[in-house]
Amino acid sequence: MAAAKLTASAVFRSNQELTSLARSGQLAAARRLFEEMPRRNVFSYNAMVSALARHGRFAEARMLFDEMPRRNPMSWNTMMAACSQHGRFEDARQLFDAMPARDEYSWTIMVSCYVRAGELALARELLDRMPGEKCAACYNTMISGYAKSGMFEDAIALLQEMPAPDIVSWNSVLAGLIRNEEISRSVQFFNEMPEKDLVSWNLMLEGYVRAGDLDLASAFFSRIPSPNVISWVNLVNGYCRAGRMGEARELFDRMPERNVVAWNVLLSGYVQVSQVEEAYNLFMEMPDKNSISWTTMVSGYVRSGKLQEAKDVLRKMPSDNVGAKTALMHGYLKSNLIDDARQLFDGIAVRDAVCWNTMISGYVKCGMLDEAMVLFQQMPNKDMISWNTMIAGCAQGGQIRKAASIFRKMKRRNTVSWNSIISGFVQNGLFVEALQHFMLMRRDAKSADWCTYACCLSASANLATLHIGRQLHSLLVRTGFISDSSPGNALISAYAKCGRMLEARQVFDEMVVQDIVSWNALIDGYASNGNGSEVIAVFREMEANGVRPDEITLVVVLSACSHAGLIDEGLHFFNSMMKLYSLKPVAEHYTCMVDLLGRAGRLREAFELVQGMQIQPNAGVWGALLGACRVHKNHEIAWLAAEKLFELEPCKASNYVLLSNICVEAGKWDDADKCYGASWKPRHCVWKWQGQKDFKALFELSLEFGSKVEIKRGFQKGYCQVLESVLGKRLLNSCLTAVPYTKSRVMHFRPMFGAIELMLQ
């Protein structure tokens, strides 16, 4: 009996030490103690599972939970809470269903889990199923969920349904109103509260600060019965957010007591207004600094572009700080110092999700998708940001199938996930797939936002599917997103591409805010439907409404004038760009003008305009001039334009064909032959293809134009059959005599015009 008591006492002391080590962040020491314990009880296991979960080691926590020889309700509750904290809501539900017995805390955790997942209907259903008298904690969790989601009527109804609502219940509704910036309702609700504590007063003060009404905030602060440090910090934060640092510092100096939060708020305020030297002076005055202090100071130098100073601050840190190092990583990535960022990342002992996501995002923004994918696969606990970053990165990088594969592997998806894949399909021209995923999104019961509808309308516009555009229009009206400018602009474009300009104009007229993009969409719609006079009329209307045109507006207007033959109007707009609108013409404007003058047969004026350009003419400008020369059979200017065009686009075969046709139509047969001679051979081009069919077409072009074909993946027998079909078996055999397929060779052919090289690698 004495031995048993002694053993129990030893286990109790070990459990206390285990809990102490875990709470102080010494996870390795806690795990070592746990492994060395000769006897463990259920409390030992619970403490270790809780410690592992708190430190982000969810997989280990779950494994230890599964190994437990015996469990009590606290064991189940601890594991459920860990699932909720790590977003494993389905795992939490399975544990809840498997529990042999549940207490009030079990029900509260599961309700909270559903609330955190945004599944408020399931949370309410679970609350209603709760046996016996429902605890206040469950009610308050549900009320808080409703309030944070803006469902204030449901929150207030549940508050009134509670048998004995406490101050936490009232504060939960008030907090929801404040977070959703319902300031007038917040004031009314605050005044109706039967009792108020200091939390209530501080919440209301925060509401005035969020609304930016610092005069009312200051007056309200003076009414607080016994303001505490949170009250003072709230008001200091308000002045900092408004950039009124002098008043913020004055109030800070008057504070009867200051904690590290107060110092950090003022420090952050200086950083936000780029007063980095004042921030550093304050930083050096701080009696105590925590991880947020160091991170804020490093971020301040990073925002100012002073990376060396940020590194100096980092070196002075007394302990490893993943937040500060992540801030410096972000600075390196902004400066395109990807190698320095990776070196810093590799040196961080314990990385959090923000650290991993920063590095992955850096690779994605630099177009290094392979490196991003490797890091993504190595990441131990991927969060929603990680998945969404990779989906968007692959989609924007043209790897839409890989993006779709990542999307399919996601266990949970939010609206950003769906928007990323839908916009990715649109960007890559897969408009049908974009609309199909929109339908899947609706079946998945995920809420679409204005970005979703804008992408889907873009897909509908490119498919010119009027009935889908009208269905999306109806959904926009029902969801209220029709008042947002982005989906409204996309809807204008969708109707315009279907030729329905009356509907496009009606959407435009019904928009609450008509920005420059809206006007451009309407003008472009009339232009694409060949209504040049209406383009000019809408442009004049835009000016009358005080909206200044931008570069895109003038490109559309000049293009419309060109296609409608409105020469004088086009010249007027072009010549007025700098005088009236302070817009410097870019290459696209010159291309439109060359096209306008070329269509009118004024080729000499077009050529002189190009010669007088203040910027370097691009291929589009010379191409427009060359095209106009063919229409009007101007052989001389065509040669001048072609010389410049061949320098800019030596590998574009259609340019050589166009010049050759111009020469033939002008009866200049010798000049036509020169187009295919050695002097015009694009010597340094490498044609790219996919599969043998594309290779055959490119090889035939190479024979015609005397360019180079390169096979990078090994000369295979299938390609020999392609060459045989083009060259004939005898010529092919004479070139491939004793040349194994796997060796790298260069074969020389003598086609009709010039020589070509076929690189066999």
*Considering only the stretch 150-173, state which residues are among the charged types (D, E, K, R) and either surrounded by 22 or more Cβ atoms within 10 Å (Cβ to Cβ) or over 17 Å from Ser186 (Cα atoms) (or both).*
Glu161, Asp166
*Where residues in the stretch 5-43 are of a type in the set (Ser, Thr, Tyr) and in a helix (DSSP H, G or I), which of them is modelled with the lowest pLDDT?*
Thr7
*Which ranges mark the helices (runs of 4 or more DSSP H) fully within the stretch 332-411 that have 3 or more residues being surrounded by fewer than 16 Cβ atoms within 10 Å (Cβ to Cβ)?*
338-346, 369-378, 400-409
*Does the stretch 278-311 hold any residues that are of a type in the set (D, E, K, R), more than 21 Å from Thr358 (Cβ to Cβ) and assigned to a helix (DSSP H, G or I), and which are they?*
Glu278, Glu285
_Condition first: among the aliphatic types (A, V, I, L, M) and outside any helix (DSSP H, G or I). Now tell me which residues in the stretch 198-243 satisfy that._
Ile224, Ala242
*Name the residues in the stretch 483-510 that are out of contact with any helix residue (DSSP H, G or I) (no Cβ under 6 Å at 6 or more places or on another chain) and outside any helix (DSSP H, G or I), would you?*
Gly499, Arg500
_Enumeration of residues in the stretch 614-626 that are buried (at least 18 other Cβ atoms within 10 Å of the Cβ) and within 13 Å of Asp595 (Cβ to Cβ)_ = Val621, Trp622, Gly623, Ala624, Leu625, Leu626
*Among the candidates Ala101, Ala147, Ala121, which residue alone is among the hydrophobic types (A, V, I, L, M, F, W, C), farther than 25 Å from Ala59 by Cα and surrounded by fewer than 17 Cβ atoms within 10 Å (Cβ to Cβ)?*
Ala121
*asked:* Can you tell me which residue is surrounded by the fewest Cβ atoms within 10 Å (Cβ to Cβ) among those in the stretch 55-74 that are assigned to a loop (DSSP other than H, G, I, E, B) and of a type in the set (Lys, Arg)?
replied: Arg70
*Is it the case that Ile523 is within 26 Å of Ser483 (Cβ to Cβ) and buried (at least 22 other Cβ atoms within 10 Å of the Cβ)?*
yes
*Within the stretch 532-581, how many residues turn out to be among the basic types (Lys, Arg) and closer than 19 Å to Leu522 by Cβ?*
2
*Just name the residue that is farthest from Val261 (Cα to Cα) out of those in the stretch 278-310 that are surrounded by 17 or more Cβ atoms within 10 Å (Cβ to Cβ) and among the basic types (Lys, Arg).*
Arg303
_I need a count of the residues in the stretch 551-596 that are within 19 Å of Gln614 (Cα to Cα) and acidic (Asp, Glu)._
3
*Given Cys113, Cys135, Cys83, which one is touching a residue at least 24 places away in the same chain (Cβ under 8 Å), in contact with an Asp or Glu (Cβ under 7 Å, 6 or more places away or on another chain) and within 29 Å of Asp352 (Cα to Cα)?*
Cys83
*Here is a list of conditions, (1) touching a helix residue (DSSP H, G or I) at 6+ places or on another chain (Cβ under 9 Å); (2) more than 22 Å from Trp387 (Cβ to Cβ); (3) not aromatic (Phe, Trp, Tyr), and Gly480 meets all of them except one; can you say which number that is?*
(1)
*Test Arg442 against the criterion of being of a type in the set (Lys, Arg), assigned to a helix (DSSP H, G or I) and surrounded by fewer than 17 Cβ atoms within 10 Å (Cβ to Cβ), and give yes or no.*
yes
*Does the stretch 32-54 contain at least one residue that is surrounded by fewer than 21 Cβ atoms within 10 Å (Cβ to Cβ) and touching a residue at least 40 places away in the same chain (Cβ under 8 Å)?*
no
*With the checklist (1) of a type outside the set (Phe, Trp, Tyr); (2) over 30 Å from Val260 (Cβ atoms); (3) surrounded by 17 or more Cβ atoms within 10 Å (Cβ to Cβ) in hand, flag the one item Leu235 doesn't pass.*
(2)
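The values are calculated or read from the model by the stated rules, or taken from the named source; none is laboratory data. From a predicted model like this one, the values you see are computed outputs, not experimental measurements. Note that each Cβ is placed from the backbone with ideal geometry, even for glycine, and that neighbours are counted across all protein chains shown.
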